[in-house]
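The values are calculated or read from the model by the stated rules, or taken from the named source; none is laboratory data. This structure is a prediction, so every number in the text was calculated from the model and none was measured. A quick note on method: Cβ atoms are made from the backbone with ideal geometry, for glycine too, and the neighbour counts reach across all protein chains shown. Each accessible area value is taken on the protein alone, full model and side chains, heavy atoms only, with ligands, DNA and RNA left out. Shrake-Rupley method; radii C 1.70, N 1.55, O 1.52, S 1.80 Å.
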Amino acid sequence: MESTMMDIPLTVTSIMRYGTTAFAGKEVVTCTGDAPPRRRTYAALGERTARLANALRSLGVDGDQRVGTFMWNNAEHLEAYYAIPSMGAVLHTLNIRLSPDQVGYIATHAGDHAVIVDASLVPLFAKVLPLADTVKHVIVSGPADAAAVRSLAESGRAVHLYEELLDDAPASFDWPDLDERSAAAMCYTSGTTGLPKGVVYSHRSMYLHSMGACLGNAFAMSEQDRILPVVPQFHANAWGLAYAALMSGADLVMPDRYMTPAAIVGLIENEKVTVGAGVPTIWQGVLAHLRAVGGDISSLRTLVCGGSALPESVMRAYADEFGLVMTHAWGMTETSPLGSIAHEPAGVTGEAVWEYRTSQGRLFCTIEGRLGGDDGEILPSDGKTAGEIEVRGPWVTGSYYRDSAPEKFHDGWLRTGDVGTLDAAGFVRLTDRAKDVIKSGGEWISSMELENLLMAHPSVAEAAVIGVPDEKWGERPLAAVVLRQDAGPVTPDELRAFLSDRIPRWQLPERWSFIDEVPKTSVGKFKKTTLREQYAAGQLDVIKLAPAPH
Ligand code: AMP
């Protein structure tokens, strides 16, 4: 029996139409540093989106061509987020933190036809352009330096000014009817190893993911909210917040390039932000700033944090010092990115809440999870057995763009490369990464756990733990520690003693190295491959303690 329901496609266009009319008076605010922020209503956003679509069409974007963005989080980037998919083309957010070689490779692999570049990033993009042959048009957004723009034109590509293009374009666009399964946007994974891989989102996946983000059990977004996505729009679609905001009527407060802790606290204070979203490094920096300088963050109802494990010490500090419950979430570029979100179940109170809040959270409705074993067997989801998390769902990628990567899939499930447990209620608890685990004497040691514990030490600013070869045990952990600038001297013995009553003795590291900074990927995650290389090349000063007595 067939249903009697209408088959209306789920598209980015429908989110755009709804948000810019139902919430015409809501706004996107863009930080400008010391000057007052720029403000644009969602009604104005709708008109400018139509102008941008007309302008792109005049540059030959008329099918599913890729249009890249090389931009900060701001109102113009938001216009690109809506105009490009809604006209049937494919939004391709380029990661400004990668090397020109990598961006050039990615733009070429995706076949970008045009790229919108923030004026402040023109010098950087000038280095990309010679490596990006498919790019025919560069559109510069923001007040541009004439010489810098001329330097782009020397590449032989057509260079346009964003505002001039919009001024010359009609203010309405005949939005096409789109197949909800067609491509809307793409993002390349920044992966710590191997070449970047392209994930292509559909209109349908974006739509469903946005609804997921709005759910009460997720971000509970509504018209009451003012959302501050510090997570870049070039990284996993800023966790879908730009789409969820227009769906729910929430205002957007965009930091542009002003992402120092002081600027973020200023935005929260002045714009009465209710939800901030960013990686742990951001909220750790903000915490330090609040402690040192102060600031009013009382408008916040939560801070969403993901991308790396959020240390429990940070969550507890926000709760104890500011009465603020942070929301930990897990996901990947491949999962749009929201996979799971950590709220304690109803009725859980007191100390018991932390077990849930510090987990990676409960899988979203429609995202299924299971655990893969070493030999491809499926392990029990009993909350105890650890294995590689595999997921599938309507906003999980089933392949990569022009890259079959069979090793990333298992009978139609995505292998996440993350290792942990799953319980019957769907709570994910990561203990490590498949590519980043330490197996000592046949038993796993969680580098993440050691890092979290070390980062709870008052003298430790950052700590990264890697597995290094060991004659006796196969592998042992090495702790690379960055001390706080204001910390007094602290010895490896003291740090190990600090850990010793928290974890089994056999897991305590013998090897310690004090470093100036943990190497990071372009999106601020620990880049352990670099640490491993430095260790292998003998570039780390390592202090080796006698094994801890059993
Ligand atoms: P990306 O595709 O760059 O967003 O990276 C996805 C990866 O980041 C995941 O596979 C995890 O390894 C890691 N990750 C994301 N969120 C978390 C989290 N809450 N806790 C620990 N690791 C995370």
Completion exercise
Bounding extents of the range 438-544 in its principal axis frame from Cα atoms, largest first in Å, are 39, 33, 24
Handout entry: Fraction of antiparallel bridges per DSSP, the chain only, in percent to nearest 5
Key = 60
Practice task
State log₁₀ I(q)/I(0) for the range 18-141 at q = 0.11 Å⁻¹ as given by the Debye formula over alpha-carbon point scatterers of equal weight, solvent excluded.
Solution key: -0.38
Exercise for the section: Using only Cα atoms, locate the centre of the range 270-344 and the centre of the range 55-134, then give the distance between them in Å, rounded to an integer. Expected result: 30
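Want the number for Ser313 to Ala35: 0.36 nm per residue separation, take away the alpha-carbon distance, what's left?
Taking Ser313 through Ala35 to full extension adds about 96.5 nm, to one decimal.
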Problem - Virtual spin-label span in nm between Gln539 and Thr21, 7 Å along Cα→Cβ - result: 5.7
Handout entry: q = 0.13, 0.16 Å⁻¹, the range 12-305: log10 I(q)/I(0) [Debye, one scatterer per Cα]
Key = -0.88, -1.35
Exercise for the section: Evaluate the charge dipole of the range 448-550 about its Cα centre and quote only its size in Debye, nearest 20, assuming +1 on the Cβ of each Lys and Arg and -1 on the Cβ of each Asp and Glu. Expected result: 240
Practice task
Tell me what the chain gives for mean residue ellipticity at 222 nm when only DSSP H runs of n ≥ 4 count, each as -39,500 (n - 2.57), the sum divided by the residue total, rounded to 500 deg cm²/dmol.
Solution key: -8500 deg cm²/dmol
Exercise for the section: Give me the percent of the accessible area of the chain that comes from carbon and sulfur atoms, probe 1.4 Å, all protein chains in place. Expected result: 51
Problem - the range 78-100 residues near the modelled Leu131 label - backbone nitrogen below 18 Å, point 7 Å along Cα→Cβ - result: 93-100
Exercise for the section: Hand me the GluC sites (Glu not before Pro) from the range 1-73 located in a DSSP loop with no more than 14 other Cβ atoms within 10 Å, in residue order please. Expected result: Glu2
Handout entry: Cα-based convex hull, the range 132-228, per residue volume (Å³, whole number)
Key = 235
Exercise for the section: Of the listed pairs Lys26/Lys528; Lys472/Lys520; Lys136/Lys528; Lys472/Lys528; Lys127/Lys525, which have alpha-carbon separations greater than 32 Å here? Expected result: Lys26/Lys528; Lys136/Lys528
Practice task
Can you tell me which of 448-454, 170-176 comes out highest on packing, and rank the rest after it, using the mean Cβ neighbours within 10 Å?
Solution key: 448-454, 170-176
Fill in the blank from the handout: Probe 1.4 Å, heavy atoms of protein chains only: per residue, the accessible area of the chain in Å² is 41
Completion exercise
Once the dipole of the chain is set up from charges on Cβ (+1 Lys and Arg, -1 Asp and Glu), the residue from the list Ala35, Ile84, Thr69 lying farthest towards its positive end is Ala35
Practice task
Among Phe364, Gly420, Val391, flag the residue with its Cα farthest along the positive direction of the charge dipole of the range 314-433, charges on Cβ as +1 for Lys/Arg and -1 for Asp/Glu.
Solution key: Phe364
Fill in the blank from the handout: Computed over the range 318-404, the Cα gyration tensor eigenvalues, each multiplied by 5 and square-rooted, give semi-axes in Å (largest first) of 29, 18, 10
Handout entry: Low-density loop cleavage sites - GluC sites (Glu not before Pro) in the range 141-191, where at most 14 other Cβ are within 10 Å (DSSP)
Key = Glu154
Handout entry: Neighbour-limited loop hits for GluC sites (Glu not before Pro), the range 344-389 (at most 12 other Cβ within 10 Å; DSSP other than H, G, I, E, B)
Key = Glu377
Problem - Selection from Leu252, Gly347, Ala132, by position along the positive dipole direction of the chain (Cβ) - result: Ala132
Practice task
Name the long-range amide H neighbours of Glu475: under 5 Å, sequence gap of 5 or more, or other chain; modelled H, no Pro or chain starts.
Solution key: Gly441, Asp470
Fill in the blank from the handout: With the 8 Å Cα cutoff and a minimum separation of six or more residues, the range 12-305 has a relative contact order in percent of 20
Practice task
Consider just the alpha-carbon atoms of the range 30-75 and return their Rg together with their Dmax, both in angstrom.
Solution key: 13.6, 41
Practice task
Along each of the three principal axes of the Cα atoms of the chain, give the extent in whole Å, ordering the values from largest to smallest.
Solution key: 76, 66, 47
Problem - Charge dipole (debye, nearest 20) of the range 12-305; +1 at Cβ of Lys and Arg, -1 at Cβ of Asp and Glu - result: 560
Practice task
About the Cα centre of the chain, how large is the charge dipole given +1 on each Lys and Arg Cβ and -1 on each Asp and Glu Cβ? Please answer in debye to the nearest 20.
Solution key: 360
